[in-house]
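Contents: one structure, followed by commentary.
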Amino acid sequence: MIETDVLIVGSGPAGSSAGLALSTYGIPNVIVTKYGWLADTPRAHITNQRTMEILRDLGVEREVAAKASPQHIMGNAVFCTSLAGEELGRLRMWGTEPRRQADYTLASPCSMCDMPQNLLEPIILGAAAERGTKVRLNSEYISSRQDAEGVTAEVKDRVSSETYKIRAKYLLGADGANSKVAEDAGLPFEGKMGVAGSINIVFRCDLGKYVEYRPSVLYWVLQPGSDVGGVGMGVIRMVRPWNEWLAIWGYDLAAGAPQLTGAAAEAIVRNLIGDQNIPLQIRSTSLWTVNDMYATRYSTGRVFCMGDAVHRHPPMNGLGSNTSIQDAYNLAWKLAFVLKGKASPALLDTYDEERVPIGRQIVKRANKSIGETGPIFEALGLEPGIEVAQMWQNMQARKDATPQAAAQRENLRKAILQKNYEFNTHGVELNQRYRSAAVIPDGTPEPSFERDAELYFHPTTWPGARLPHVWLQKDGRPISTLDIAGSGRFVLLTGIGGEGWIEAARKASAAHGIAIDGFVIGPGRDLTDLYGEWAEAREIGESGCLLVRPDAHVGYRAAGAGDEEHRLSAAIARILGR
Ligand SMILES: Cc1cc2nc3c(=O)[nH]c(=O)nc-3n(C[C@H](O)[C@H](O)[C@H](O)COP(=O)(O)OP(=O)(O)OC[C@H]3O[C@@H](n4cnc5c(N)ncnc54)[C@H](O)[C@@H]3O)c2cc1C
């Protein structure tokens, strides 16, 4: 029997990140994964700022950014009748509209990027293995049984067909949308699987002449039939600029799964491109369904699930692998503290409290985004069931010099703008404010959102929120507040007059046996605030303090000095569940 502290099932974004974080924190862990290698198709791409911050803390941000397509070429959502055909409208996406770009630049030390999942997984899993994760490929989780001390899982070696057992203190189910671990753990779900059918076709083709002048990662194609199933439109998705691509085309689930021959796949792709002669090579085809389902509990005893195992939704808004990595990051530090005896197992309950609401939110958001495609079809007069010739005629009608055509143009413009809720939801990505026993409220009401909470990020140090990013200086050199936090330990930030908190942190560190690094921000101190931006962002007095958890979320804050030792120690004890 193999023994370890944490057994992770699955090596996708969730499982590999869990392994990387746990190994970084010194926790022995084993990953078992069903196949002989990692993702063999590009799948998830959008890697948002919060995920990049996590990868930065885990030491792989640079490698990911170096292999990814940068944000500035991600920007044009093109709506067209085919790549070669008429363009109906454009929307700047992923924060590339100049005013939105400022929001993104101000929010984080990291940039969003476009990173195919088949390139991302080897980086994360490779770093995990380098730091100690034991990776077992061709190893399928079969079942598990838990008792008071741990979990025993039965695993099948798919090379020898032999089964063996792995004993762990905790089991993590990161085994994707058909999670056997979640099923065995009896996790309760809401929603529906298989809402719509979709075909993915990966192909090689030099499309430079159609796309270089309007660089983008997503080209949306409105054609007869493109509103059937799938994600609501035909899509040509950039994998690598500008010669590797993924086409997405829907099918009617009620009619059953299509038998997709190479010729049929090529016909779909050629229609989407609108060029019957361009050389292309179909690489692979696969079928998948749009899901609308989330777990209302992520754990049972010693079994914790994460990623698609607990939130299953379409790729709209690009939240899938991002949320999966963020789940893993949330749980990993808590497991490390519990396994090192620094926190009570009660701390692990806060994983559910903090991540279940996020999972529900992103499943609903992604499915709503599919529905918001409808008004574009309506504005163009592409009502379901009408004749193809009539469809083209209705689309052309918007060019007329008539009041009806003017209304049609205006409706189309508004319908395309509504897609900001799919492509520029900076708020959904960064406004994650946790409410749990590992967050100590300070009695102040939650700050309201001055702008749309889905579209805009609203930085705050309100307990539970992610620490706002501000460029401070260390010896005159720039350092982000987020670079001070992280590394698996607590950090305390205060200002001039708050030195009592530093002493309190030193004592609490000794008393609780955990690392708490304290920093005074101010002239002549550990860090300076030369731009004066921290003074604006901190929302506490100079002599107050912020206690930042290892995942960079604020766990506790105090407006000013006074009774520091008692207040800080009590706050830490509550966070650690002691
Ligand atoms: C077309 C498409 C486009 C997408 N685009 C985006 C995007 O732009 N941005 C985004 O964030 N997300 C996107 N997603 C979603 C994204 O791919 C998933 O959300 C993400 O892969 C989930 O990660 P995961 O680690 O939870 O699960 P998975 O990546 O599904 O990994 C599951 C792992 O578990 C293993 N496994 C399964 N069963 C067992 C078993 N019994 N025993 C052992 N191992 C097992 C698998 O082999 C795999 O390693 C997209 C998805 C699709 C289909």
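Per residue, the chain reaches -10000 deg cm²/dmol at 222 nm when only DSSP H runs of four or more residues are counted, each adding -39500 (n - 2.57).
The charge dipole of region 452-494, taken about the Cα centre with unit charges on the Cβ atoms of Lys, Arg (+1) and Asp, Glu (-1), comes to about 240 debye, rounded to the nearest 20.
Ranked by the mean number of other Cβ atoms within 10 Å of their residues, highest first, the peptides 423-429, 513-519 fall in the order 423-429, 513-519.
Computed from Cα positions, the angle between helix 403-418 and the longest principal axis of the chain comes to roughly 30 degrees. Within region 341-387, the proportion of Cα pairs with more than 14 Å between them is 69 percent.
Put simply, region 95-242 fits an ellipsoid with semi-axes of 39, 22, 18 Å; these come from the alpha carbon gyration tensor as the roots of five times its eigenvalues, largest first.
Determine the per residue accessible area of region 94-191 with all protein chains present and a 1.4 angstrom probe, expressed in square angstrom.
Per-residue accessible area for region 94-191 comes out at 45 Å².
Taking Cα atoms only, the orientation of helix 262-273 departs from the longest principal axis of the chain by about 90 degrees. Each Lys and Arg Cβ is given +1 and each Asp and Glu Cβ -1; about its Cα centre, the chain then shows a dipole of about 520 debye. Think of the chain as having a plus end and a minus end, set by charges on the Cβ of Lys, Arg, Asp and Glu; of THR425, ALA309, HIS469, ALA309 sits farthest toward the positive end of this dipole.
Output the peptides 251-263, 208-220, 302-314 sorted from most to least packed, where packing is the average of other Cβ atoms within 10 Å over each peptide's residues.
Ranked by mean Cβ neighbours within 10 Å, highest first: 302-314, 208-220, 251-263.
Taking label positions 7 Å along the Cα-Cβ direction at both LEU417 and ILE278, the computed distance is 3.1 nm, reported to one decimal. Distance between the 7 Å Cα→Cβ label points at ALA263 and GLN101: 4.8 nm.
Between TRP471 and ARG214, the simple spin-label model (points 7 angstrom out along Cα→Cβ) gives 3.4 nm.
Rounding to the nearest 10 and keeping the result within 0 to 90°, find how far the Cα-based axis of helix 346-371 lies from the longest principal axis of the chain. That works out to roughly 20 degrees. Accessible area per residue was computed with a 1.4 Å probe on protein heavy atoms; ARG413 scores about 130 Å².
The GluC sites (Glu not before Pro) of region 348-423 that DSSP puts in a loop, and whose beta carbon has at most 13 other beta carbons within 10 Å, are GLU387.
Roughly how many whole Å is it from the C-alpha centroid of region 508-578 to that of region 275-341? Computed from Cα coordinates, the inter-centre distance equals 33 Å.
Shown for the chain: the carbon plus sulfur share of the solvent-accessible area, taken with all protein chains present and a 1.4 angstrom probe, equals 50%.
The values are calculated or read from the model by the stated rules, or taken from the named source; none is laboratory data. All of these numbers come straight from a predicted model, not from anything done at the bench. Virtual Cβ from ideal backbone geometry, glycine too; neighbours counted across all protein chains shown. Side chains are part of the model used for accessible areas, which takes the heavy atoms of the whole protein and leaves out ligands, DNA and RNA. Shrake-Rupley method; radii C 1.70, N 1.55, O 1.52, S 1.80 Å.
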